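The values are calculated or read from the model by the stated rules, or taken from the named source; none is laboratory data. These figures come from a predicted structure and were not determined experimentally. Positions of Cβ are backbone-derived with ideal geometry, glycine not excepted, and every protein chain shown enters the neighbour counts. Keep in mind that these areas ignore ligands, DNA and RNA; they rest on the heavy atoms of the full protein, side chains included. Shrake-Rupley method; radii C 1.70, N 1.55, O 1.52, S 1.80 Å.
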Amino acid sequence: MSILNIPVNGETFATEESSAAVEVSVTSIAISGQTITVTATSHGFTVGQYVTFSGVTGATGLNNQTWQVATVPTSGSFTCTISTGYSVSGTPGGTIVAQRVFN
């Protein structure tokens, strides 16, 4: 991490720069109807945050899409809702990574 000095209108503001991504290794994903249930050890996601998945096999429609966290039942699981009109089929597998999308 490094500190950047950013000049704005004659003032200088210090800000931190980090290249660290918020990535979580996913243990499993289950799809039931329009609900995606994700199991991941200590994921740290909260309701309303956005997440993308990569490395999903079997249900590749989950990859590289932005999903909003709908519920966080435990520190090791969260759910997302599949938008009406979007379809995901197959059994998710592979080495799945969930990454927080900063908005």
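If you take the residues of segment 42-92 that are closer than 17 Å to residue 25 by Cα and in contact with a helix residue (DSSP H, G or I) (Cβ under 6 Å, 6 or more places away or on another chain), which of them is surrounded by the fewest Cβ atoms within 10 Å (Cβ to Cβ)? Checking each candidate, the answer is 56. For residue 95, the test of being open to solvent by 60 Å² or more (accessible area, probe 1.4 Å), touching a strand residue (DSSP E or B) at 6+ places or on another chain (Cβ under 9 Å) and either closer than 15 Å to residue 27 by Cβ or free of Cβ contacts under 8 Å to residues at least 60 places away in the same chain (or both) is passed.
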